[in-house]
Amino acid sequence: MRFHFALTLQALWTGVCQAAMQHYPAAWGHYDVCKSQVYSDEGLTWDYMACQPEAADMTQYLKVTLDPPNITCGDPPETYCALENPYMCNNECDATTEELAHPPELMFDIEGRNPTTFWQSTSWKKYPKALLVNITLSWNKTIELTDDIVLTFESGRPEQMVLEKSLDYGRTWQPYQFYATDCLDAFTMEPKTVQDLTQHTLLDIICTEDYSRGYVWKYDKTVRFEIKDRFALFAGPRLHNMASLYGQLDTTKNLRDFFTITDLRIRLLRPATGATMVDENNLSRYFYAISDIKVQGRIVRAVHVHGPNEYPKQDVSVRPNVSSLGVANRKEDCECFGHSNRCSYIEVLNTVICVSCKHNTRGQHCQLCKLGYHRNASAELDDENVCIECNCNPFGSVSDRCNGTGFCICKEGTTGPKCQECLPGYLWDDGCKSLAGRMRCTCAGLLICPDKYRPNPRNPTT
C-alpha cells in the first residue's frame, strides 16, 4: 500500500514539474531567464523576463596598456607649461617622486581628490612628428555596455582622436567613433552628431566635432561615446521602454555586438593646441593628460565571437579601378571632379576617398573648399577656380574662414564683407576699438571708414 502511494505521489510530482517546465523557458534568446510573481486577472502567476545582471564600473576589472610603453612623463623629469598661459611653467613630472608622478593607474583612481590626479604623457618634443599614443583597456571578459564611455582630459581635449573596440580580445579592431576639430581635414568624413542617427543608421561610424572644438578649461574636459543616446532610439528619450531595446538586442546580432566589447582602444592622434598655431619655441605646452575614464557595463557569460574565417566579407563593389597603392589607373576612375587623380579605398569604412585634392578643394570627392576659401557660385564643381580665397581682414575678422557667400565673421565694432570697416563709435587700432567717448575714427591699412568718421586733416583731434 505504501509502495503504491509512493508511486502515486511520484507520478503526481512529475506531472506538476513537467507542467511547470512547459511554461518556464531555460533561456530567452541571448539572455538567461529570470521570473517573478505578479498578480493578473488569473491570480498570482509567474512573469518571465530576460535576466539583466547589475551594471557596474568595469574599470575595476581591466588591464591598461600604453603604446609606446615609455610615453608616460617623468623619466627623465620634465617641466610643463600651461596651454592657456605659455609663461606659466611650474608644473613638474618626475616618475621617481610620488607627488610628481603621473602613472596610468591615476586614470582609474577615486575622483574628487584635491589636487586632481591624472596620467600624463611626455610633451610634443619631436614636433612636427605626430604625438601618437594608444591606450588599450583589456578585460579578458565580454562586456555589454550600459552607459556612456566618458574620458576626462586635464590638458585640453585632443584635436584628433579615435575610439576603437574589439570583440575578440584584441586580435582585430573596429572604430567606434572619430573625433576631430575638423572631421573633413582629419579623416575625410562629414561631421555628424549622435542626434543625426536613426534606428536604421545606428551602427554607422561617425566623426564628431562636438568634443574637440575650442577649450574652456573649467567645463570642456570630457569626451563621450554616447551609449544612452543610441539606446534611446529604441527605448525612447527617457529610456522607459527598455523591453523594446532588449528585444532588438536579442533578435539582432549586429546590434548586440555593437554594444559588446572585450577591449577598448583610445588612439590619441593630436593634442590640444588652443586653436592656434603650434608654438615651436614652447613645445612643453602640448601633451595629453587624462584624469578619469568611465566604462559602465555588465559581464555577459558567453557571446559568440566570429572565428577567423567567419567575418562577413566586405562589399568591394565601391572600389574604383585603383592599384594597390591607391593610385587610379585612369583619372576618371576617381570621382574627384578633376581635382585629383588619386583615391584610396578605406576598408574599415567601406568607402573611397580622394587623396591630395588640388585647387583649394577638400572632402571625400574634393567637392568642398579648404578652410579659408569659399565656393565660386559662377563655377562648376570641376572648374579649377571653384574655390575662392576668403581674404578676411586679419585684424577685423575672427578667423580666416568665411561663409558660403564669402562673408567673414567680424569682431566687435567691425563690419563689411571682409570685416574691413569700422562701425560708428569705433576707431582702427589693429582692429576696430571703441572710441570710449572720443568723436573721431582713424583709418589705416586696408580699413575703410565711413566719410563722416574719417579723421579731419586740418584738425586730427576732432
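A few notes on this one:
- Computed with the Debye formula from one identical point scatterer per Cα of the range 119-159, without solvent, the log10 of I(q)/I(0) at q = 0.14, 0.35 Å⁻¹ comes to -0.53, -1.36.
- Equivalent ellipsoid dimensions for the range 63-178 as semi-axes, Å, which come from the Cα gyration tensor, largest first: 27, 17, 15
- Global form of the range 85-141, assessed from the alpha-carbon gyration tensor, a/c cut-off 1.5: oblate
- Label-point gap, in nm, between N91 and D109 - each point 7 angstrom along Cα→Cβ: 1.6 nm
- The convex hull of the Cα atoms of the range 344-429, projected and averaged over all directions, covers 7.2 nm².
- Under-5 Å amide H pairs with D400, H placed in peptide plane, nonlocal only: none
- Counting charges near S356 (Lys, Arg +1; Asp, Glu -1) among other residues having Cβ under 12 Å from its Cβ returns a value of +3.
- Each residue of the range 401-415 is assigned a 3J(HN,Hα), and the resulting list reads 8, 9, 7, x, 9, x, 7, 8, 8, 8, 6, 4, x, 10, 9 Hz, derived from the Karplus form 6.51 cos²θ - 1.76 cosθ + 1.60 (θ = phi - 60°), x at Gly and Pro.
- Gain on full stretching of the segment that runs from S378 to D147 - 0.36 nm per residue minus C-alpha separation: 78.2 nm
Values in this text are rule-based calculations from the coordinates and carry no lab data. Just so it is clear, the structure is predicted and the values come from calculations on it, not from any experiment. Reconstructed Cβ throughout: ideal geometry from the backbone, glycine too, with neighbour counts over all protein chains shown.
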